[in-house]
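Asker: One structure follows; several queries about it will come next.
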């Protein structure tokens, strides 16, 4: 009878340790995801938002991966695709309209590192967009690799 009680106690102790270990692993993952969420938010505001505010492609270079692509639907419902170089050519700081008051709201960030999905509402008093980003963490840095976008 004593041996059975000892085995039960050992099993309970091992099960308790396992539960604590799983909880600790989940806590570490949650802390990592929270840190990644902060880094993604900072990158979007520091580079994507500022790129719109200044119309300066140098900001986009810091967040759009070299293989970046944008997909959108035109006014007539047609799909169009834009590569990074074409997108960057749309921006010129010399032609920036400083009267535009750009606002960027990050609606959600879903992190499963090294991947993330982000929904952004960006616009000004003239026009606005809903953007969805697929992001990847490559060598410790978060990059937008794909964007889908539609006018508000």
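Asker: Step by step: first the residues of segment 122-144, then only those that are within 13 Å of the chain's Cα centre (by Cα) and more than 18 Å from residue 82 (Cβ to Cβ), then the one that is surrounded by the most Cβ atoms within 10 Å (Cβ to Cβ). Which residue is that?
Answerer: Filtering first and then ranking leaves 142.
Asker: Which condition number does residue 137 fail, the rest of (1) part of a strand (DSSP E or B); (2) more than 21 Å from residue 33 (Cβ to Cβ); (3) touching a helix residue (DSSP H, G or I) at 6+ places or on another chain (Cβ under 8 Å) being met?
Answerer: For residue 137, the exception is condition (2).
Asker: Looking at segment 53-69, which of its residues are in a loop (DSSP other than H, G, I, E, B) and closer than 13 Å to residue 98 by Cα?
Answerer: Across segment 53-69, the qualifying residues are 55, 56.
Asker: Return the total of residues in segment 84-105 being free of Cβ contacts under 8 Å to residues at least 60 places away in the same chain and surrounded by 13 or more Cβ atoms within 10 Å (Cβ to Cβ).
Answerer: 8
Asker: Please state which one of 147, 119 is surrounded by 14 or more Cβ atoms within 10 Å (Cβ to Cβ), without any contact (Cβ under 8 Å) to a residue 40 or more places away in the chain, in contact with a strand residue (DSSP E or B) (Cβ under 9 Å, 6 or more places away or on another chain) and assigned to a strand (DSSP E or B).
Answerer: Criteria check complete, one pass: 119.
Asker: From 32, 50, 42, grab the single residue that is under 17 Å from residue 135 (Cα atoms), assigned to a helix (DSSP H, G or I) and either in contact with a helix residue (DSSP H, G or I) (Cβ under 6 Å, 6 or more places away or on another chain) or at pLDDT below 95 (or both). Let's see the steps before the verdict.
Answerer: Details: 50 fails: under 17 Å from residue 135 (Cα atoms); 42 fails: either in contact with a helix residue (DSSP H, G or I) (Cβ under 6 Å, 6 or more places away or on another chain) or at pLDDT below 95 (or both).
None of the other options fit; the residue is 32.
Asker: Residue by residue through segment 134-144, note down the ones that are touching a strand residue (DSSP E or B) at 6+ places or on another chain (Cβ under 7 Å) and in contact (Cβ under 8 Å) with a residue 24 or more places away in the chain.
Answerer: Correct list: 135, 136, 142, 143, 144.
Asker: Among (1) over 18 Å from residue 140 (Cβ atoms); (2) in a strand (DSSP E or B); (3) under 17 Å from the mean Cα position of the chain (by Cα); (4) touching a residue at least 60 places away in the same chain (Cβ under 8 Å), where does residue 72 come up short?
Answerer: Here residue 72 clears every test but (3).
The values are calculated or read from the model by the stated rules, or taken from the named source; none is laboratory data. Just so it is clear, the model here is predicted, and its values are computed rather than measured. Reconstructed Cβ throughout: ideal geometry from the backbone, glycine too, with neighbour counts over all protein chains shown.
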